[in-house]
Amino acid sequence: MEYYGYVGKIARINLTEEKISFESLDLNMASKFIGASGFAIRFLIDEIDPTIDPFSPENKLIIMTGALTGTIVPGANKFAVAAKSPLTMGYGEAHAGGFWGVELKRAGYDGLIIEGRAEKPVYIYVKDNLIEIRNAVNLWGKSTSKTDEIIKDIHKDKGIRVFSIGIGGENLVRYACIVTEERIAGRTGMGAVMGSKNLKAIAVRGSGRIGIKNYDRVRMLVKRLYPAIMSYPPSQIRALYGTNGEMPIFYEYGDVPIKNFSLGKWDGIKKISGKAIVEKMLKRHRACFNCPVHCWKEVEVEIEGMGKIVTKSPEYETATSLGSNLLIDNPEAIVYMSYLCNEYGIDTISTGVTIAWAMEAFEKGALTEEDTGGIELRWGDYNTVIKLIEMIAYRKGFGNILAEGCRLASKLIDKGSEEYAMHVKGVEIPMHDPRAFKGLGLQYATSNRGADHLYGFFVRIEQGERMPDLKIYERVDRFKDEGKGWMVAVREDWDEIVDSMGLCKFVLIYPGHVAGFYSLVTGISKTVRDLLKDGERIFNLKRLFNIACGIGRKDDVLPKRFLKEAFSEGGAKGQVVNLDKMLREYYEYRDWDEDGKPSRRKIEELGIFDILSQRYRKLYL
């Protein structure tokens, strides 16, 4: 069979038995679940018992590329990693761009399914038809960049793309991430799952090609879209300063988290914005595969005792979580903390928000020096934060508590500290405040992988962006509650498609063009309406997995701070989130019951019931 867009093969690697097998991609399945994120949940719900411990060998690491990954479509470079999450104890998923997913597809694989647990540390080497499980004892304990360097030296090939965990993943930090050349699969602890399998890295080299059914028409559409992509104002800002270039704009909305989401204003913003950092430290502009925006900024900074280091400029989420949310306004310190998190392989958002929980708990007396091992936690003290990052990665002293994430850490400490833990479903809140964008609060509460700013990307809608392809025709008032339920649901469904395509959300391609690209690349005809139904199918399947894990209506919540505590100043002054009102509308639109479970009618309409195992069917019997 000839495949277009897809390459037609999935590799299954059992680390316990050191066994490798291959299976052909089912195009009927592919047309319903599209790729990447959709494939991940399709395999996961079939193959993982939702009651298992995420760190058990029975958990599987499912790595899938997108339907368009590696093609000439702009920004088509992403892949998804999924498993049962050690942070949420439910559905876990992370994404990364760069070049690794493209290389895997060129090697001839739409995805990898990693099973079992190796007896000793290993890495996987993939080169076209060759897949080997190799000894990684000498790599254990190494940073992500050092692991990358050593593997390339072993194979005498600088073109190998390496996907690795750091010390955080080895030590099962619950929010450990996976790193590939400073592009990060960051959220929900997928690096910890990889570490639990004694899997240090996956190195890939491919020499194949990815077929495109209607190459000339795709090329023509790409050429027409480039000016539109680059005339989009956020693209222009990112091209100059990276994602952190928008920090001053978000600040004006009252959107930037300050002091653990407790303040509406702070003068330090101007020191840590993308413009301030890039103009001071820029070494060069970089880009992921086939991206016109070039939002990846490489900076050079001098660190006392280390000399000069060259690293990625902090993304907006990182500069905020390790900056304003901790009241740190030293840009060099933020760059260094970002570098350390990437080297240790721990998610910067969860790291910053968990430390912010500890700082506020310490300030309010719920934490003492007896709890912290003699460490005094003070807002703005970056030297202590640097020390805590290392302690988290190695699970040393108080770092062992922080490595659990703010939800579990606050339960361990208790003493009222849960009030300061900013999370949804165990995942630390990203760096956008829902009091500034009400629909975003609903998005956080209902996301399948915990607090998530990218599943729905509703900030853009509430900034005034219209999407006629999704029937969002008029400017949306960011402070209104009415009408947000259906819009958030539609945007969540659409973003399932964007992720399943392997497209970067920072390269703006409107839905009609995405449908066109998919149809022209794969030869499988899809309209926007078709794809929205596919996205709804994927979203609801993830919801069913979470329900089987015990996650439901009781978890579709926000921290009390967003519901009860209004700012006295700033761009979101006087605002709180009226979640219940939006949630009722959302459930009604989705056809979910009062417990947040999709109705039997809905899952039959989406063709889900017929593919479910008895474990899930019994939810309806």
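The values are calculated or read from the model by the stated rules, or taken from the named source; none is laboratory data. If you're wondering where the values come from, they're calculated on a predicted model, not measured in any experiment. No Cβ is skipped: glycine too gets one built from the backbone with ideal geometry, and neighbour counts run over all protein chains shown. When the accessible area is computed, the model is the full protein with side chains, heavy atoms only, and any ligands, DNA or RNA have been set aside. Shrake-Rupley method; radii C 1.70, N 1.55, O 1.52, S 1.80 Å.
Does Leu531 fit the bill of being over 27 Å from Met422 (Cα atoms) and buried (at least 22 other Cβ atoms within 10 Å of the Cβ)? First the steps, then the outcome.
Numbers: over 27 Å from Met422 (Cα atoms): yes; buried (at least 22 other Cβ atoms within 10 Å of the Cβ): yes.
Taking the combined requirement at face value, the residue satisfies it.
Restricting segment 163-182 to residues that are surrounded by fewer than 24 Cβ atoms within 10 Å (Cβ to Cβ) and farther than 17 Å from Glu119 by Cα, which is nearest to the chain's Cα centre (by Cα)? Steps first, answer last, please.
The initial filter retains those residues of segment 163-182 that are surrounded by fewer than 24 Cβ atoms within 10 Å (Cβ to Cβ), namely 167, 171-172, 181-182.
Filter once more, so that each one left must be farther than 17 Å from Glu119 by Cα: 167, 181-182.
On the way: Ile167: 20, Glu181: 16, Glu182: 14 Å.
Here the residue is Glu182.
Considering segment 97-151 alone, what residues qualify as being assigned to a loop (DSSP other than H, G, I, E, B), open to solvent by less than 10 Å² (accessible area, probe 1.4 Å) and either without any contact (Cβ under 8 Å) to a residue 12 or more places away in the chain or hydrophobic (A, V, I, L, M, F, W, C) (or both)?
Of everything in segment 97-151, those that are assigned to a loop (DSSP other than H, G, I, E, B), open to solvent by less than 10 Å² (accessible area, probe 1.4 Å) and either without any contact (Cβ under 8 Å) to a residue 12 or more places away in the chain or hydrophobic (A, V, I, L, M, F, W, C) (or both) turn out to be Ala107, Ala118, Ala136, Leu139.
Of all the residues that make up segment 207-233, how many are assigned to a helix (DSSP H, G or I) and either of a type in the set (A, V, I, L, M) or under 25 Å from Gly405 (Cβ atoms) (or both)? It would help to see each step written out before you state the result.
At the first step, the residues of segment 207-233 found to be assigned to a helix (DSSP H, G or I) are 215-231, 233.
Imposing the further condition that a residue be either of a type in the set (A, V, I, L, M) or under 25 Å from Gly405 (Cβ atoms) (or both) reduces the set to 218, 220-222, 225, 228-230.
Final tally of qualifying residues: 8.
Checking the condition closer than 29 Å to Lys425 by Cβ and not hydroxyl-bearing (Ser, Thr, Tyr), which residue from Val173, Val122 passes? Explain how you work it out, then say what you get.
Details: Val122 fails: closer than 29 Å to Lys425 by Cβ.
Being closer than 29 Å to Lys425 by Cβ and not hydroxyl-bearing (Ser, Thr, Tyr) holds for just one of Val173, Val122, which is Val173.
Quick check, is Phe506 out of contact with any Ser or Thr (no Cβ under 6 Å at 6 or more places or on another chain) and open to solvent by less than 10 Å² (accessible area, probe 1.4 Å)?
Numbers: out of contact with any Ser or Thr (no Cβ under 6 Å at 6 or more places or on another chain): yes; open to solvent by less than 10 Å² (accessible area, probe 1.4 Å): no.
It is false that Phe506 is out of contact with any Ser or Thr (no Cβ under 6 Å at 6 or more places or on another chain) and open to solvent by less than 10 Å² (accessible area, probe 1.4 Å).
Residues that are among the aliphatic types (A, V, I, L, M) and surrounded by fewer than 17 Cβ atoms within 10 Å (Cβ to Cβ), at least 1 per element: which helices (runs of 4 or more DSSP H) completely within segment 361-465 meet that? Spell out the reasoning first.
On the way: elements: 369-372, 382-394, 399-402, 405-413, 438-446, 458-462.
Once the helices (runs of 4 or more DSSP H) in segment 361-465 are filtered for at least 1 residues that are among the aliphatic types (A, V, I, L, M) and surrounded by fewer than 17 Cβ atoms within 10 Å (Cβ to Cβ), what remains is 382-394, 405-413.
Before we move on, is Met89 of a type in the set (A, V, I, L, M), more than 24 Å from the chain's Cα centre (by Cα) and part of a loop (DSSP other than H, G, I, E, B)? If you could, list the steps in order and put the result at the bottom.
Values: of a type in the set (A, V, I, L, M): yes; more than 24 Å from the chain's Cα centre (by Cα): no; part of a loop (DSSP other than H, G, I, E, B): yes.
For Met89, the condition - of a type in the set (A, V, I, L, M), more than 24 Å from the chain's Cα centre (by Cα) and part of a loop (DSSP other than H, G, I, E, B) - is not met.
Would it be correct to say that Asp580 is surrounded by fewer than 20 Cβ atoms within 10 Å (Cβ to Cβ), touching a residue at least 60 places away in the same chain (Cβ under 8 Å) and under 24 Å from Lys425 (Cβ atoms)?
Details: surrounded by fewer than 20 Cβ atoms within 10 Å (Cβ to Cβ): yes; touching a residue at least 60 places away in the same chain (Cβ under 8 Å): no; under 24 Å from Lys425 (Cβ atoms): yes.
So Asp580 fails the test.
Look at Leu563 and say whether it is hydrophobic (A, V, I, L, M, F, W, C), without any contact (Cβ under 8 Å) to a residue 40 or more places away in the chain and open to solvent by 10 Å² or more (accessible area, probe 1.4 Å).
Working: hydrophobic (A, V, I, L, M, F, W, C): yes; without any contact (Cβ under 8 Å) to a residue 40 or more places away in the chain: yes; open to solvent by 10 Å² or more (accessible area, probe 1.4 Å): yes.
Yes, satisfied.
Are any of the residues in segment 184-206 surrounded by fewer than 18 Cβ atoms within 10 Å (Cβ to Cβ) and assigned to a loop (DSSP other than H, G, I, E, B)? Don't jump to the end; show me each part of the working.
Residues of segment 184-206 that are surrounded by fewer than 18 Cβ atoms within 10 Å (Cβ to Cβ), as a first pass: none.
No: segment 184-206 contains no residue that is surrounded by fewer than 18 Cβ atoms within 10 Å (Cβ to Cβ) and assigned to a loop (DSSP other than H, G, I, E, B).
Listed residues Asp49, Asp53; which is farther than 17 Å from Tyr125 by Cα and without any contact (Cβ under 8 Å) to a residue 24 or more places away in the chain?
Going through Asp49, Asp53 in turn, just one is farther than 17 Å from Tyr125 by Cα and without any contact (Cβ under 8 Å) to a residue 24 or more places away in the chain: Asp53.
Need pairs with beta-carbon distance below 8 Å; first residue more than 24 Å from Pro248 (Cα to Cα) and within segment 426-449, second in a helix (DSSP H, G or I) and polar (S, T, N, Q); sequence gap 6+ or separate chains.
As it stands, the answer is Val427/Ser350; Asn448/Asn546, since those pairs meet every condition given.
With the structure loaded, tell me whether Ile349 is surrounded by 17 or more Cβ atoms within 10 Å (Cβ to Cβ), free of Cβ contacts under 8 Å to residues at least 60 places away in the same chain and either β-branched (Val, Ile, Thr) or within 23 Å of Asp452 (Cα to Cα) (or both) or whether it fails that test. Spell out the reasoning first.
Working: surrounded by 17 or more Cβ atoms within 10 Å (Cβ to Cβ): yes; free of Cβ contacts under 8 Å to residues at least 60 places away in the same chain: no; either β-branched (Val, Ile, Thr) or within 23 Å of Asp452 (Cα to Cα) (or both): yes.
Criteria not met by Ile349.
Counting only residues that are at pLDDT 95 or above and buried (at least 24 other Cβ atoms within 10 Å of the Cβ), give me the strands (runs of 3 or more DSSP E) lying completely in segment 1-73 with at least 3 of them. Full working, then the answer.
Numbers: elements: 9-14, 19-24, 61-65.
So the answer is 61-65.
Considering only residues that are touching a residue at least 60 places away in the same chain (Cβ under 8 Å) and over 24 Å from the mean Cα position of the chain (by Cα), which ones fall in segment 588-608?
If the condition is that a residue be touching a residue at least 60 places away in the same chain (Cβ under 8 Å) and over 24 Å from the mean Cα position of the chain (by Cα), then Glu588, Tyr589, Lys602, Ile603, Leu606, Gly607, Ile608 are the ones that fit.
I'm trying to understand the selection: among the residues of segment 466-497, which are β-branched (Val, Ile, Thr), buried (at least 18 other Cβ atoms within 10 Å of the Cβ) and over 28 Å from Val81 (Cα atoms)?
Taking segment 466-497 first, the residues β-branched (Val, Ile, Thr) are 472, 476, 488, 490, 497.
If we keep only those that are buried (at least 18 other Cβ atoms within 10 Å of the Cβ) as well, we get 476, 488, 490, 497.
Hit for segment 466-497 is Val476, nothing else.
Could you tell me which of the residues Val507, Val514 is over 24 Å from Tyr444 (Cα atoms) and within 24 Å of the chain's Cα centre (by Cα)? Give the steps one after another, and end with the answer.
Working: Val507 fails: over 24 Å from Tyr444 (Cα atoms).
Being over 24 Å from Tyr444 (Cα atoms) and within 24 Å of the chain's Cα centre (by Cα) holds for just one of Val507, Val514, which is Val514.
So Phe22 passes all but one of these: (1) over 18 Å from Ser500 (Cβ atoms); (2) hydrophobic (A, V, I, L, M, F, W, C); (3) touching a residue at least 40 places away in the same chain (Cβ under 8 Å). Which condition number does it fail?
Here Phe22 meets the rest and fails (3).
Got a number for residues in segment 338-360 being outside any helix (DSSP H, G or I) and either in contact with a Phe, Trp or Tyr (Cβ under 9 Å, 6 or more places away or on another chain) or of a type in the set (Asp, Glu) (or both)? Reasoning before the result, please.
Of the residues in segment 338-360, the ones outside any helix (DSSP H, G or I) are 345-347.
Still in the running and either in contact with a Phe, Trp or Tyr (Cβ under 9 Å, 6 or more places away or on another chain) or of a type in the set (Asp, Glu) (or both): 346-347.
Counting residues in segment 338-360 that are outside any helix (DSSP H, G or I) and either in contact with a Phe, Trp or Tyr (Cβ under 9 Å, 6 or more places away or on another chain) or of a type in the set (Asp, Glu) (or both) gives 2.
Filter segment 605-618 down to the residues that are more than 23 Å from Thr51 (Cα to Cα) and touching a helix residue (DSSP H, G or I) at 6+ places or on another chain (Cβ under 8 Å), then identify the one that is least open to solvent (accessible area, probe 1.4 Å).
Checked segment 605-618; the qualifying residue least open to solvent (accessible area, probe 1.4 Å) is Leu606.
Taking only segment 386-414 into account, find how many residues are within 27 Å of Ser568 (Cβ to Cβ) and not small (Gly, Ala, Ser).
Going residue by residue through segment 386-414, those that are within 27 Å of Ser568 (Cβ to Cβ) are 406, 410.
Still in the list and also not small (Gly, Ala, Ser): 406.
Residues meeting the conditions: 1.
List the residue pairs whose Cβ atoms are under 8 Å apart, where the first residue sits in segment 225-241 and is within 19 Å of Gln463 (Cβ to Cβ), the second is among the hydroxyl-bearing types (Ser, Thr, Tyr), and the two are 6 or more positions apart or on different chains.
Ile229/Ser235; Tyr241/Ser273
Answer yes if at least one residue in segment 53-76 is hydroxyl-bearing (Ser, Thr, Tyr) and out of contact with any Lys or Arg (no Cβ under 6 Å at 6 or more places or on another chain), and no otherwise.
Initial filter on segment 53-76 (hydroxyl-bearing (Ser, Thr, Tyr)): 56, 65, 69, 71.
Then keep just the ones that are out of contact with any Lys or Arg (no Cβ under 6 Å at 6 or more places or on another chain); that gives 56, 71.
There is at least one residue in segment 53-76 that is hydroxyl-bearing (Ser, Thr, Tyr) and out of contact with any Lys or Arg (no Cβ under 6 Å at 6 or more places or on another chain).
Among the residues of segment 290-313, what is the count of those that are touching a strand residue (DSSP E or B) at 6+ places or on another chain (Cβ under 8 Å), touching a residue at least 40 places away in the same chain (Cβ under 8 Å) and open to solvent by less than 50 Å² (accessible area, probe 1.4 Å)? Explain how you work it out, then say what you get.
As a first pass, look at segment 290-313 and keep what is touching a strand residue (DSSP E or B) at 6+ places or on another chain (Cβ under 8 Å): 290, 294, 296-303, 308-313.
Checking which are touching a residue at least 40 places away in the same chain (Cβ under 8 Å) leaves us with 290, 294, 296-297, 311-313.
Next, only the ones that are open to solvent by less than 50 Å² (accessible area, probe 1.4 Å) stay: 290, 296-297, 311-313.
Adding up the residues that qualify gives 6.
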